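Scroll down for the structure; my scribbles are underneath it.
The values are calculated or read from the model by the stated rules, or taken from the named source; none is laboratory data. Only a predicted model underlies this, so the values are computations on that prediction, with no experimental measurement involved. Neighbour counts are summed over all protein chains in view; Cβ atoms, including those assigned to glycine, are modelled from backbone coordinates with ideal geometry.
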Amino acid sequence: MAAPPATPSSETMTASLYALVVLIWGSTWIALKLQLGTVPVELSIAYRFALAATLMFAWLAWARQLRVPRGAALPRVLAQGLCLFSFNFVCFMHASETLASGLAAVVFSSANLWNALMARIIHGRRLEPHVLAGSVFGLAGLAVLFWPELREGRHASLPGLGWAVLGTLCFSCGNMLSASLQSMGWRPAQTNAWGMLAGTLLLAGYALAAGLPWGFDTRWAYVGSLLYLAIPGSVIAFTAYLTLVGRLGPEKAAYATVLFPIVALGISAMFEGYVWTPLAVCGLLLVLLGNLLVFRPPQWLRGAGLQKA
């Protein structure tokens, strides 16, 4: 079915939604860092998604779209809660202990490359030449970004890099689960609400089993960042992103993941003292180029017929 013709008002709305997603998701990385402190990271994430799930369920109930997962959907929703709304954020918060928040965002932006590789492994989809090229550029960019640490043997940030890569892989697994649930007729808003609840319960259960100290940080930085992550980061941006998917399709909407690392690194430079070196700029450009190749292969590659080979 052909898309309806764009009007000036619809184009303005699309641009506004796109900017909203990029700015919010690009700024959530510094908010994640502000969550570090006296509260165990598992509990901080549980607080975030408990609030976000409450808001999502309220909206679904108001819209009369609330469904309870049963049968084959139930284990997938639980696994989605583990991958998207608990363990992956545990990984990224641990990554933020030693990495600048902007660098963690750059690592996360490689999720689209891992998505393609996992689709190959799990679903047997053939890797297109532009995806392979994008993967090479993206991984090379990460290597360039972290080359000073690798070259000089400074291992302080390498554990953070490992946590960020693990969190990104976990996120990619969650994407595969979401695609599976959507093929079963479940809307993302529905599965995300239940997934957020599942993630909250998983983290709370872990905190109880591990004997973590329960508490809450009343500092404005902690409370403010928690509210920002739960409402704009988990509810508003997600709703805006889904609207973009409906307007533009998933491929074009996913360009947000190419742009928000630039926002995150800019914020990191202002508030964390991150220094833009020529090597860092080169690494970032390689990562962005890798993502662009995955999303939109150049015309010469299409014309060569390599994608159908």
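Tabulated data
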{"quantity": "Flag if Ala100 is more than 14 Å from the chain's Cα centre (by Cα), under 28 Å from Gly185 (Cβ atoms) and of a type outside the set (Asp, Glu)", "calculated": "no"}
{"quantity": "Candidates His94, His130 - the one that is outside any loop (DSSP other than H, G, I, E, B) and under 24 Å from Leu226 (Cβ atoms)", "calculated": "His94"}
{"quantity": "Odd one out for Leu227, checked against (1) of a type in the set (A, V, I, L, M, F, W, C); (2) in a loop (DSSP other than H, G, I, E, B); (3) at pLDDT 95 or above", "calculated": "(2)"}
{"quantity": "Unique match (being under 29 Å from Leu293 (Cα atoms), of a type in the set (A, V, I, L, M) and assigned to a loop (DSSP other than H, G, I, E, B)) among Leu103, Leu99", "calculated": "Leu99"}
{"quantity": "Any hit, segment 50-62, residues being more than 14 Å from Ser234 (Cβ to Cβ), of a type in the set (Val, Ile, Thr) and surrounded by fewer than 24 Cβ atoms within 10 Å (Cβ to Cβ)", "calculated": "no"}
{"quantity": "Selected residue (only one of Ala164, Ala143, Ala204 is surrounded by fewer than 17 Cβ atoms within 10 Å (Cβ to Cβ), out of contact with any strand residue (DSSP E or B) (no Cβ under 8 Å at 6 or more places or on another chain) and not acidic (Asp, Glu))", "calculated": "Ala143"}
{"quantity": "Restricting segment 212-226 to residues that are in contact (Cβ under 8 Å) with a residue 40 or more places away in the chain and either within 19 Å of Phe57 (Cβ to Cβ) or of a type in the set (A, V, I, L, M, F, W, C) (or both), the residue that is surrounded by the fewest Cβ atoms within 10 Å (Cβ to Cβ)", "calculated": "Trp214"}
{"quantity": "Restricting segment 266-309 to residues that are touching a Phe, Trp or Tyr at 6+ places or on another chain (Cβ under 7 Å) and at pLDDT 85 or above, the residue that is surrounded by the fewest Cβ atoms within 10 Å (Cβ to Cβ)", "calculated": "Leu279"}
{"quantity": "Some residue of segment 189-211 being in contact with a helix residue (DSSP H, G or I) (Cβ under 9 Å, 6 or more places away or on another chain), part of a loop (DSSP other than H, G, I, E, B) and not acidic (Asp, Glu)", "calculated": "no"}
{"quantity": "Checking Trp194 against (1) on the phi > 0 side of the Ramachandran plot; (2) of a type outside the set (Asp, Glu); (3) surrounded by 19 or more Cβ atoms within 10 Å (Cβ to Cβ), the condition it does not meet", "calculated": "(1)"}
